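Visitor: Below: one structure in structure tokens.
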Amino acid sequence: MAVTIKDVAQAAGVSVASVSRALNGHASITDDTRKHVLEVVKRMRYMPHVGARSLTTSTTNTIGVLLPDLYGEFFSEMIRGIDGAARQRGLHLMVSSLHGDADEAALALRAMRGRVDGLLVMSPHVDAAFLSDNLPDELPIVLMNSAAGGTHYPALSVDNYSAAHAMVVHLAGCGYQRIAFIAGPSGNYEAQERLRGYHAALAGLAPGAAPRVFAGDFSEPSGEAVGRALLALPAGQRPQALFAANDMMAIGALLTLTQGGVQVPRDMAVAGFDDIPIARYVSPALSTVRVPIAELGVQALERLLSAIDGSGAGAPASMATLAATLVVRASTGESSTP
């Protein structure tokens with residue numbers, strides 16, 4: 001049978017309340033008693049019941065993280081940043097993915113009710129009404145890269161528009177005139193902002209030039225599909241530069257083009273967005289926009305913890321923006337950044 005808190009109290013010769021205080025770090029017992037109780041807990045391999053403990057302390061020491069997907073280097077980096085910051089504070093993570101489905105988002109949100117102290121959310125389906133319908137009003141929430149942030153809930157976002165605009169300006173500055181773009185999912189806020197930056201830069205640099213946008217979904221196969229479509233065109237009808245809304249699509253297109261005999265960047269430059277770790281290792285190394293992915297997760301967690309501990313209580317919801325920077329590598333010309 002499982003060891004209970006009463007068994008620990010009897011073995012340690014103290015009350016159940018003293019065992020509870022020792023486990024919860026209360027200052028109302030002596031250091032010697034706490035040390036003795038914890039030694040007995042370890043010897044008896046007692047595991048506190050998380051649900052019962054949360055009823056006593058009103059906390060779970062767990063942070064919920066809701067992401068569109070868990071696949072790929074972007075989300076791995078995001079979780080790495082959040083998890084590292086959480087572990088430093090003795091917190092655990094409960095992570096769920098949505099796979100682009102609003103119904104799954106609602107189910108995941110409801111599943112976390114009462115099981116987390118706060119929630120980090122990155123989802124194209126989330127707005128204030130959606131959160132209100134599926135979560136208690138008192139649960140602290142911070143949104144990441146969401147159009148819904150800054151009004152009802154604090155939010156942290158990357159300046160996707162300015163960064164995409166800067167990449168198009170860079171490509172034009174390298175002498176490329178026909179610049180095409182692989183867009184991300186149509187309902188995704190980040191993808192919309194990156195597409196908006198592409199259109200604005202192109203309109204400003206070459207008012208008469210027609211935008212050339214290919215559909216994508218942030219996956220490597222969708223980049224490969226665009227690469228095959230470009231290979232099917234006569235060389236004179238291909239763009240001189242291809243800018244993808246994320247690195248996975250850029251890498252898919254890059255590999256397909258090079259396998260088809262296109263020399264990058266001589267025949268066509270290729271650029272991405274995010275600067276995932278593998279971007280520097282493909283050949284040629286990928287020019288991209290460096291998003292502080294892990295730092296985004298760390299800062300979002302810090303804002304959430306401020307809301308949980310009350311240090312941010314009463315402050316109006318706000319939108320904080322992180323800058324992204326260009327990383328120029330061999331896929332758009334001479335490399336100047338590692």
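The values are calculated or read from the model by the stated rules, or taken from the named source; none is laboratory data. No experiment lies behind these values; they were computed from the predicted model shown. Note: ideal-geometry Cβ built from the backbone for every residue, glycine included; neighbour counts use all protein chains shown.
Visitor: Considering (1) surrounded by fewer than 20 Cβ atoms within 10 Å (Cβ to Cβ); (2) more than 18 Å from Val298 (Cα to Cα); (3) modelled with pLDDT of 85 or more, say which one Val37 fails and leave the rest.
Guide: (1)
Visitor: Just the residues that are assigned to a helix (DSSP H, G or I) and over 21 Å from Ala229 (Cβ atoms), please, taken from the range 256-293.
Guide: Pro277, Ile278, Ala279, Arg280, Ile293
Visitor: Please work out if Gly208 is of a type in the set (Gly, Ala, Ser) and closer than 20 Å to Asn188 by Cβ.
Guide: no
Visitor: Tell me yes or no: at least one residue of the range 56-79 is among the acidic types (Asp, Glu), surrounded by 14 or more Cβ atoms within 10 Å (Cβ to Cβ), modelled with pLDDT of 85 or more and touching an Asp or Glu at 6+ places or on another chain (Cβ under 9 Å).
Guide: Within the range 56-79, one or more residues are among the acidic types (Asp, Glu), surrounded by 14 or more Cβ atoms within 10 Å (Cβ to Cβ), modelled with pLDDT of 85 or more and touching an Asp or Glu at 6+ places or on another chain (Cβ under 9 Å).
Visitor: Then there's this: Step by step: first the residues of the range 250-309, then only those that are within 22 Å of Asn145 (Cα to Cα) and among the basic types (Lys, Arg), then the one that is surrounded by the most Cβ atoms within 10 Å (Cβ to Cβ). Which residue is that?
Guide: Arg303
Visitor: Considering only the range 139-255, give the strands (runs of 3 or more DSSP E) lying wholly within it that have at least 3 residues that are at pLDDT 90 or above. Talk me through it step by step, then tell me what you get.
Guide: On the way: elements: 141-144, 155-158, 179-182, 212-214, 241-244.
It comes to 179-182, 212-214, 241-244.
Visitor: Only one of (1) under 14 Å from Asp275 (Cβ atoms); (2) modelled with pLDDT of 85 or more; (3) of a type outside the set (Val, Ile, Thr); (4) more than 19 Å from the chain's Cα centre (by Cα) is not met by Ser335, so which one is it?
Guide: Here Ser335 meets the rest and fails (2).
Visitor: Pull out all pairs, ordered by first then second residue, where Cβ-Cβ is under 7 Å, the residues are six or more apart or on different chains, the first lies in the range 57-81 and is under 17 Å from Met248 (Cβ atoms), and the second is of a type in the set (Ser, Thr, Tyr) and part of a strand (DSSP E or B).
Guide: Matching pairs, first to second residue: Leu67/Ser97; Pro68/Ser97; Asp69/Ser97; Leu70/Ser97.
Visitor: Mind checking whether some residue in the range 314-325 is more than 24 Å from Ser146 (Cβ to Cβ), over 17 Å from the mean Cα position of the chain (by Cα), surrounded by fewer than 19 Cβ atoms within 10 Å (Cβ to Cβ) and not polar (S, T, N, Q)?
Guide: So far as the range 314-325 goes, no, none of its residues is more than 24 Å from Ser146 (Cβ to Cβ), over 17 Å from the mean Cα position of the chain (by Cα), surrounded by fewer than 19 Cβ atoms within 10 Å (Cβ to Cβ) and not polar (S, T, N, Q).
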